[in-house]
Amino acid sequence: MKKYTDTGKKDTRSGFGDGLTELGKKNQNVVALCADLTGSLKMDDFKANHPERFFQVGIAEANMIGMAAGMTIGGKIPFTGTFANFSTGRVYDQIRQSVAYSGKNVKICASHAGLTLGEDGATHQILEDIGLMKMLPGMTVINTCDYNQTKAATIAIADYEGPVYLRFGRPKVANFTPEDQNFQIGKAIQLQEGTDVTVVATGHLVWEALQAAEALHDKGISAEVINIHTIKPLDNDAILKSVKKTGCIVTAEEHNFLGGLGESVSRLLTTNHPVPQEFIATQDTFGESGTPEELMDKYGLNAAAIENAVKKVIARK
């Protein structure tokens with residue numbers, strides 16, 4: 001069994017900030033817009049080094065999206081930054097009409113997603129953003145798992161023509177993917193090979209899936225773990241290839257089970273190769289205030305919950 005090492009916990013939002021910094025140096029068309037959260041989005045360095053390409057729009061998220069859409073007409077590649085709740089729910093009309101419908105090359109970069117926003121509570125913890133964004137025609141949806149992958153994804157989406165939603169978080173989490181990785185949009189990454197069950201995970205749940213796989217291995221259960229960093233377009237081939245071997249699947253995400261990764265996988269399996277599936281996700285509920293660890297435990301979004309789901313789904317084969 002392959003062992004993964006946490007090289008030092010880092011927040012994924014810093015991966016975005018460092019990726020943006022690197023882009024600022026090598027691509028003069030990259031511009032950044034922020035809605036009064038420059039520090040929280042780690043955009044300070046880009047602002048300091050490229051003030052002529054940084055736009056602080058204030059608490060005016062709808063205006064920010066409109067500005068970004070307009071900038072693409074002149075060949076710019078705008079990266080917008082604010083909390084995931086404000087990046088999607090507050091400005092959905094502007095994203096739909098000015099970005100998605102128009103096919104504009106805007107990169108919507110959203111921090112503080114999911115329950116791990118923590119103490120700020122339910123009003124700021126959006127758990128439906130993936131569903132909102134993946135339903136927009138032409139929108140690419142990416143949800144990275146650690147600092148290194150977030151930095152790589154930030155750099156990669158600048159070369160991709162079309163609207164992108166890039167989702168990441170606030171807390172420091174395990175950093176375990178390669179520093180020099182080649183991020184490929186729409187290409188899943190198999191982290192563990194297994195024969196008894198497929199576990200596909202996204203975002204913060206990828207590390208938890210790896211921890212669950214180790215615990216299951218000690219109990220004689222072989223779990224195949226796949227990192228789904230791109231939820232749309234989904235890597236259908238990778239998932240189908242795995243479940244045809246294992247015969248069952250667990251999906252894991254820090255998002256509502258309605259509209260998220262699990263639902264996309266369920267559609268894929270129903271129309272191609274039906275197998276038993278268990279969902280690790282929030283169960284159609286809002287969050288609450290608490291530390292990230294407390295919330296992930298309460299809402300069943302951790303390694304222990306994945307391990308239990310694996311045992312349950314194997315029993316259904």
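Specify whether the C-alpha gyration tensor of the stretch 189-315 places it in the rounded, prolate or oblate class, a ≥ b ≥ c being the square roots of the eigenvalues: rounded for a/c under 1.5, otherwise prolate if a/b is larger than b/c and oblate if not. Here the stretch 189-315 falls in the oblate category.
For the chain, the mean residue ellipticity at 222 nm estimated from helices alone is -10500 deg cm²/dmol, where every DSSP H run of n ≥ 4 contributes -39500 (n - 2.57) and the total is divided by all residues, rounded to the nearest 500.
Would you please classify the overall shape of the stretch 1-124 from the alpha carbon gyration tensor, given that a ≥ b ≥ c denote the square roots of the eigenvalues, rounded means a/c under 1.5, and beyond that prolate means a/b larger than b/c while oblate covers the rest?
Numbers: a/c = 1.71, a/b = 1.27, b/c = 1.35.
It is oblate, given that a/c is not under 1.5 and a/b is not larger than b/c.
In this structure, the pairs whose alpha-carbon distance is over 21 Å, taken from K26/K187; K244/K312; K151/K232; K134/K245; K3/K298, are K26/K187; K134/K245; K3/K298. With a simple spin-label model that places each label point 7 Å from the Cα along the Cα-to-Cβ direction, the separation between L240 and H273 comes to 0.8 nm. Residues R167, R316, R96, arranged from fewest to most other Cβ atoms within 10 angstrom of their Cβ, appear as R316, R96, R167. When the GluC sites (Glu not before Pro) in the stretch 93-179 are filtered for DSSP coil states and for at most 14 other beta-carbon atoms within 10 Å of their beta-carbon, the remaining sites are E161, E179.
Using a 10 Å cut-off around each Cβ, can you sort L37, L205, L191, L20 from fewest to most neighbouring Cβ atoms? Write out the running numbers ahead of the final one.
Working: L37 18, L205 31, L191 21, L20 27.
Fewest-to-most Cβ neighbours within 10 Å comes out as L37, L191, L20, L205.
If you add up the charges near H204, with Lys and Arg at +1 and Asp and Glu at -1, over every other residue whose beta carbon is less than 10 angstrom from its beta carbon, what do you get? Surrounding charge for H204 is -4.
Among the GluC sites (Glu not before Pro) in the stretch 194-300, those placed in a DSSP loop whose Cβ has at most 15 other Cβ atoms within 10 Å are E288. With everything on Cα atoms, drop me the angle between helix 61-73 and the longest principal axis of the chain, reported from 0 to 90° to the nearest 10. So the inclination is approximately 80 degrees.
How about the stretch 1-83: which trypsin sites (Lys or Arg not before Pro) there are in a DSSP loop, with at most 14 other Cβ atoms within 10 Å of their Cβ?
On the way: sites: K2, K3, K9, K10, R13, K25, K26, K42, K47, R53, K76; in loops: K2, K3, K9, K42, K76.
Sites meeting the loop and neighbour criteria: K2, K3, K9.
A straight line joining the Cα centroids of the stretch 102-180 and the stretch 236-274 runs 20 Å. Of the residues H229, H273, the one with the fewest other Cβ atoms within 10 Å heads the list, and the complete ranking is H273, H229. Spin-label model, E288/K187: points 7 Å from Cα along the beta carbon direction are separated by 4.4 nm.
In terms of its C-alpha gyration tensor, the stretch 81-232 has a prolate overall shape, because the principal axis ratio a/c (a ≥ b ≥ c, square roots of the eigenvalues) is not below 1.5 and a/b outweighs b/c.
Since every read-out is calculated from the coordinates, none of them should be taken as a lab result. The model shown is predicted, which means the values in this text are computed figures rather than measured ones. Glycine gets a Cβ as well: all are built from the backbone with ideal geometry, and neighbour counts include every protein chain shown.
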